[in-house]
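Let me begin by presenting the structure, written as structure tokens, before commenting on it.
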Amino acid sequence: MKALYPGSFDPLTFGHLDLIKRGANLFDEVVVAVLTNPAKAPTFDLDTRITQITKAIEGLKGVSVISFEGLTVDCARANNTDLILRGLRAMSDFEYELQIAHTNRSLDTQIESVFLVTEAHHSFLSSSVVKEVARFGGETSHMVPEGVALDLRRLFN
Ligand code: ADP
């Protein structure tokens, strides 16, 4: 089975990385898809996010990273993935994720959505929380891979 793990990853956190690793244990392949939304201005440009992820997944078997603009189901079809992998941190994620899963299913019934529950000690992590901490000079090395922590320091210092 081949999984597509789509997201903004702006930037990648240890929560995302945990999901990638657990996905890689479950499935033959995990394709991390950095979806670019032309309506949203990201903090880190696409190339930087791809570089951050490429470094973080080094040595992980069966994991690759791509970028994609448009519908997630089109991305899944184009990359021959069987399922869409997403993470659930709390009830607040559930409503949003359920809506997306139903939408994707209404567009293509062949592609299943699969959810993994976040590791408890990563459940507070989000890209926006990490950026908020970094903006005020806080330590982020326990929240994000080394390369990302460096990029955050560069951005906010
Ligand atoms: P999006 O803008 O598509 O929500 P994100 O990069 O914020 O993109 O998240 C991508 C996926 O990773 C989502 O399914 C989200 O629930 C999951 N995720 C985000 N943070 C964590 C975390 N700390 N632990 C596990 N999964 C997470």
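The values are calculated or read from the model by the stated rules, or taken from the named source; none is laboratory data. This structure is a prediction, so every number in the text was calculated from the model and none was measured. Glycine also receives a Cβ, built like all others from the backbone with ideal geometry; neighbour counts cover every protein chain displayed. Surface accessibility is based on the protein's heavy atoms, side chains included, excluding ligands, DNA and RNA. Shrake-Rupley method; radii C 1.70, N 1.55, O 1.52, S 1.80 Å.
Counting heavy atoms of the protein chains alone, Asp18 has an accessible area of about 20 Å² for a 1.4 Å probe.
Each part reduced to its alpha carbon centroid, segment 129-157 and segment 82-121 end up 27 Å apart.
Heavy-atom accessible surface of Glu139, to the nearest 10 Å², is about 100 Å², with a 1.4 Å probe and all protein chains retained.
Stretched out straight at 0.36 nm per residue, the stretch from Arg77 to Glu146 would grow longer than its current Cα-Cα span by 21.5 nm.
Specify the angular offset, from 0 to 90 degrees and rounded to the nearest 10, of the alpha carbon long axis of helix 46-56 from the longest principal axis of the alpha carbons in the chain. Once rounded, one gets 90 degrees. At full extension, Thr51 and Glu69 could sit 4.7 nm farther apart than now, given 0.36 nm per residue minus the alpha carbon distance.
Compared with the alpha-carbon gap, the fully stretched path from Phe136 to Ser123 is longer by 2.5 nm at 0.36 nm per residue.
With all protein chains present, how much of the accessible area of the chain (probe radius 1.4 Å) comes from carbon and sulfur, to the nearest whole percent? Working shown, then result.
On the way: 4630 of 8710 Å².
Carbon and sulfur: 53 percent of the exposed surface of the chain.
With every protein chain in place, what's the accessible area of Ser8 (1.4 Å probe, Å², nearest 10)? Approximately 50 Å² for this residue. Averaged per residue, the chain has 55 square angstrom of accessible surface, using a 1.4 angstrom probe with ligands and nucleic acids left out.
Note that segment 127-142 has calculated 3J(HN,Hα) couplings of 4, 5, 4, 4, 5, 5, 5, 5, 4, 9, x, x, 6, 10, 5, 8 Hz, one per residue in order, obtained from phi through the Karplus relation 6.51 cos²θ - 1.76 cosθ + 1.60 (θ = phi - 60°); glycine and proline are x.
For segment 47-146, chymotrypsin sites (Phe, Trp or Tyr not before Pro) are listed when DSSP marks them as loop and at most 15 other Cβ atoms sit within 10 Å of their Cβ; the list is Phe124, Phe136.
Look at the alpha carbon pairs under 8 Å that are at least 6 residues apart: their mean separation over the length of the chain gives a relative contact order of 29 percent.
Placing a pseudo-label 7 Å from each Cα along the Cα-to-Cβ vector at Asp108 and Lys2 gives an inter-label distance of 1.1 nm. Taken about its Cα centre, segment 2-120 carries a charge dipole of about 140 debye when Lys and Arg each add +1 at the Cβ and Asp and Glu each add -1 at the Cβ. Mean-square fluctuations from a GNM of the chain, with a 10 angstrom spring cutoff on Cα atoms, peak among Ala134, Ala76, Ala41 at Ala41.
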